[in-house]
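No lab work stands behind these numbers, since they all come straight from the coordinates. Please read these numbers as outputs of a predicted model, since none were measured by experiment. Here the Cβ is made from the backbone with ideal geometry for all residues, glycine too, and neighbour counts use every protein chain on show.
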Amino acid sequence: MDEKEIIKIHNVTKRFGGLVALDKVTFNIYKGEILGIIGPNGAGKTTLFNCITGVYRPDDGKIFFNGLDITGKPPHRITQLGIVKTHQIVKPFNEFTVLENAMIGALFGRRAGKISKDEAREIALKNLELVGLIEKKDELASGLTLHEKKFLELARALSAEPEVILLDEALAGLNPKEVEESLDIVRMINKELGKTIVMVEHVMHAVMNVANRIVVLHFGKLLAEGSPKEVAEMPEVITAYLGDKDLALKFVKR
Amino acid sequence: MTILTDLLINLTSGFLWGTVLGAVSVGLTLIWGVMKVVNLAHGESILLGAYVVSALYLFLNVDPLLAMFVALVSGLLLGFAIYWLGLHKIIGHVDVVTLRIEMSTLLEMFAISIILYNIYSFLTRSEPFGIGIWHLTPISYINLGYMSIQVNHLTAAALSLVATFIIYQFISKTPTGKAIRAVMQDSQAAALVGINPVRIKMLTTVISIGFTAFSGFLVVLYESAVVPSISYKYAPLAFTIVVLGGLGSIIGSYIAGIIIGVTYGVSKVIFSVLVSKNASDPLALTMAFIILVLTLLLKPEGLFGVKR
Amino acid sequence: MDIDEFFKRPTPLFILILLIVILIAKLLRLETTDYLITIMFFIGIAMALNIIMGFAGYVSFGHTVFLGISGYVFALLVYYNRDFANLMNMYSGIPIFFIALLAGGVSALVAFLVGIPVLKLKGAFFAIATIGLDFAALYIIKAFIPILNPEFFGAQIILPAYALAYKDNVFVAMYITFALIIIANYLIRRSRFGMGLLAISEDEDAAEALGVPTTKYKLISFALSAFFTGMLGAVFGLNSGGVDENLFNLAHTIDMIVMIVIGGIGTVMGPLVGSIIYFILYDTLLVTYPEFNLVILGFIVAVIVLFAPRGVVGILRGKQFMGKKLRDIIE
Ligand SMILES: Nc1ncnc2c1ncn2[C@@H]1O[C@H](COP(=O)(O)OP(=O)(O)OP(=O)(O)O)[C@@H](O)[C@H]1O
Ligand SMILES: [Mg+2]
């Protein structure tokens, strides 16, 4: 992991009416890392992702990607620049086949317009292979299980050939075995494909285990930032979120 | 005649027509607000009431003031049929109405509107049909000095106010009404506190279509006769009014109806000065649709709706 | 695409056969020219609406507005411009097609400008807004056309003899327009653009998040759809010898939507098959039950929406007897 920042989040504030969902949040995401974002329900994690990917325009502050100011750019532009998000609530194109779903990612991703349908198919197939959905490529996405739909989200995102992938609770609702499978894939994407990964996660042991660094959000504020071990030992984090220090450390060790 | 009297006259008649428009839109705002069902058969539901009253009056000599209750009942029955035959399969057991489901119900109501419209066309041969010269008092006009008003227009306005008041009380005071409002605000939460959503959806459809059919009586009272294609005039106006008033808001609809009626009256005067007398009527109606599009874009929750 | 693949895919083959059949029917006088023009008009408007409704999933209820706008533009063009009017009976009527392009262009422009705000609306709100647009345009035409010229009484433009074209020439123009529309449908469906539109109809937010420029795509598809609808309105108006407010009648939307719903939304084959079924039904019903044909059609649509929401083609598509491929080839 080199120390070059790929995304800079500077003083980002987002309000919904009177509610401050993000309050002057500032931190960096470094190239090649796996960054975990944790925080209780309603902390503003999804909102942060939505600000980065252009779904929401921050009320204040700026976001840079590779030095380029991307604040307020429309989502499809940001995807084409190289940041892709998977959805907390999966959104497959139900009437499309699994392959077609992934192909959309390739056709409109980073090489949008410069890629033929055949190339897109190749990329899609490669990524379906990677997440283990290749067998189901001709089935309609509506027929997949939740677990498979989450993998499809991932394959679709990968097919866009992004530099940074934002995973919003990709592990929620999966059983322990599926969680392990997913973590292996996440590590693999990070190590072998060299993608920077940011994951929002409630499955604590998983994120503590796989992430290089952790950012803690709490009521829209950045509460802490550091290695999983450091974060787990910070008193404010423990009181605010983890609850029990021993338990937290156990998570890290696993 | 000076422009000022002209303005006063059109203001008055626009207001009276607006009250009818308001009542006509109440049923639509309920079914749309509570169930997200866009009732494209709204115009045909209006016509049902108009035809029932007229037929009873013309063929059996039933007093329209009595026949209006039959119109209401006929609408309740139509609503019952529409729910069980057309809507239940699509929305009976869904909690969250997705865009796709919304489009299905829209198309289903559209199909129902085609059926009803053509039955009416067949039965009436598309000829005007109505209560004609019936009016409440021995005289048919009341002189206001600057203009004389048809008694029927006044009757329609008064009845629209009473009826809207009653349904408003029903929705806000009775247990059924409260349940309907609960479902409108949050169907999932409503289900959790033990409100049977299927029953509520069915009742909403029945009440909505029933009230709409009743409002058809007001329309025929106002227009003295109706043709099937009048639904092409009233239904789009009702949609405009519902959007302007705010989805699900009964009072909002009634007030928005008056706003649209008055806007129509006033802009008619303005356009007849600016453009020409013949062009003033269509241009005044255009104003309603400009208001519609502007509301959708600038204040999609309407005047009295809740922001979502 | 090589020839082999071409014949393996039923849609292009079907399109080709359809075009040939119409041509043969014309050349051998199997049907009257009027009938053929009407058929092409009806299938055409379904296919034109398909681009926004079938592909992008935006039900444009007031789509007849574009029939009206371009119909009137065309009529006014040939009424006031003798050069245009004269051209219509030269070169086998091909110039009619070009004047119709111009008239369609006006609709495309209107759709583009109106689309910028209105396509921000979703679902029913969009549908209602387009109905509003249709009525607004209708009332504006009603107000201003009679002012333009006292001859246009009641907003009706009856084309004078010099501004009429021979039936055969109208046929040629309609035929080219028709072919253009179905081929465009097919090409769009197979293109990246088409994939993007279908993704929008599935889930617009997800499509945008995956890089589909949804705003641009919706605008283009709405404008294209309006363009083709407008061209049809123009040629049809000429064929009817003039235009009146009926062009704006929402009843035409009924036809378009019914055809798409019967056939199946989201495909090229759907509205094609749907419009043919519609036409056959309409004809047979019209003969047997002239008074009830629309009532029966209404019932058919009601039943299809309930039990086969993706139409006839959708039923076939779900079938597995030819393996998973069936879905692929039928698009
Ligand atoms: N579109 C919106 N409109 C209004 N309020 C919103 C909106 N989106 C989020 N919020 C509010 O902002 C706050 C942060 O929400 P957000 O979804 O970002 O939380 P989160 O950290 O992702 O929570 P969870 O762990 O439950 O997914 C919450 O209070 C939420 O209710
Ligand atoms: Mg979240």
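Values computed for the structure shown
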item	result
Net length gained if the chain between B:Lys233 and B:Leu192 were fully extended (0.36 nm per residue, minus Cα distance)	10.7 nm
Point-charge dipole on Cβ atoms (K/R +1, D/E -1) for chain A, about Cα centre, debye to 20	560
Loop-resident sites, the range A:49-128, for GluC sites (Glu not before Pro), counting at most 11 other Cβ within 10 Å (DSSP)	none
Burial ordering of B:Ser224, C:Ser221, fewest other beta-carbon atoms within 10 Å first	B:Ser224, C:Ser221
Area projected by the alpha carbon convex hull of chain B, averaged over all directions, nm²	16.3
Cα-projected label distance for C:Ile94 with B:Leu85, points at 7 Å along beta-carbon direction, nm	5.4
Förster radius 56 Å - calculated FRET efficiency between C:Tyr80 and B:Leu66, Cβ distance, rounded to 0.05	0.45
Cα-based shape type of the range C:58-208, given that a ≥ b ≥ c are square roots of the gyration tensor eigenvalues and the cut on a/c is 1.5	oblate
Cα gyration tensor shape for the range A:137-217, rounded if a/c is under 1.5, else prolate or oblate	oblate
Helix-only CD estimate at 222 nm, as mean residue ellipticity for chain C, using -39500 (n - 2.57) per DSSP H run (n ≥ 4)	-24500 deg cm²/dmol
Per-residue Cβ neighbour rank within 10 angstrom, fewest leading, A:Thr196, B:Thr205	A:Thr196, B:Thr205
Likely footprinting exposure, A:Val203, C:Val313, fewest C-beta neighbours within 10 Å first	A:Val203, C:Val313
B:Lys173-B:Val273 pseudo-label distance in nm [points 7 Å out on the Cα-to-Cβ vector]	4.5
Max mean-square fluctuation residue, GNM over chain B, Cα-Cα springs under 10 Å, options B:Leu28, B:Leu107, B:Leu154	B:Leu107
Per-residue average of Cβ from other chains inside 10 Å of B:98-106	6
Pairwise centroid distance, computed over Cα atoms, of the range A:19-77 with the range C:212-254, Å	43
Averaged over C:251-264, number of beta-carbon atoms from partner chains that fall within 10 Å	2
Low-density loop cleavage sites - chymotrypsin sites (Phe, Trp or Tyr not before Pro) in the range B:222-308, where at most 13 other Cβ are within 10 Å (DSSP)	none
Gain upon complete extension [C:Lys216, C:Lys120; 0.36 nm per residue less C-alpha separation]	33.4 nm
Cα coordinate range in the protein assembly as shown, projected on the principal axes (Å, largest first)	92, 71, 53
Chain C, Rg to Rh (Cα coordinates; Rh as Kirkwood inverse mean 1/r)	0.97
Entries of A:Lys91/B:Lys89; B:Lys178/B:Lys299; A:Lys24/A:Lys195; A:Lys14/A:Lys221 with Cα pairs more than 20 Å apart	A:Lys91/B:Lys89; B:Lys178/B:Lys299; A:Lys24/A:Lys195
Loop-exposed trypsin sites (Lys or Arg not before Pro) per DSSP, neighbour cap 12 Cβ within 10 angstrom, longest uninterrupted part of chain C	C:30-318
Listed residues B:Leu106, B:Leu294, B:Leu16, most fluctuating in chain B (Gaussian network, C-alpha, under 10 Å)	B:Leu294
Rough spin-label spacing in nm, given labels placed 7 Å along Cα→Cβ, for C:Leu180 and A:Glu236	6.6
Two-site FRET efficiency, A:Asp69 against B:Leu297, from Cβ-Cβ distance with R₀ of 30 Å, rounded to 0.05	0.55
Per-residue HN-Hα couplings for the range B:147-161 [Karplus 6.51, -1.76, 1.60; θ = phi - 60°; Hz; x = Gly/Pro]	7, 10, 10, 5, 4, 4, 5, 5, 4, 4, 5, 5, 5, 4, 5
Chain B: calculated mean residue ellipticity at 222 nm from DSSP helix runs of at least 4, using -39500 (n - 2.57)	-25500 deg cm²/dmol
DSSP-loop trypsin sites (Lys or Arg not before Pro) across the range A:1-63, with at most 13 other Cβ within 10 angstrom	A:Lys4
Beta bridges per DSSP with both ends in the protein assembly as shown, % antiparallel, nearest 5	60
Karplus 3J(HN,Hα) series, Hz, for the range B:234-248 with 6.51 cos²θ - 1.76 cosθ + 1.60 (x for Gly, Pro)	6, 5, x, 5, 4, 4, 4, 5, 4, 5, 5, x, x, 3, x
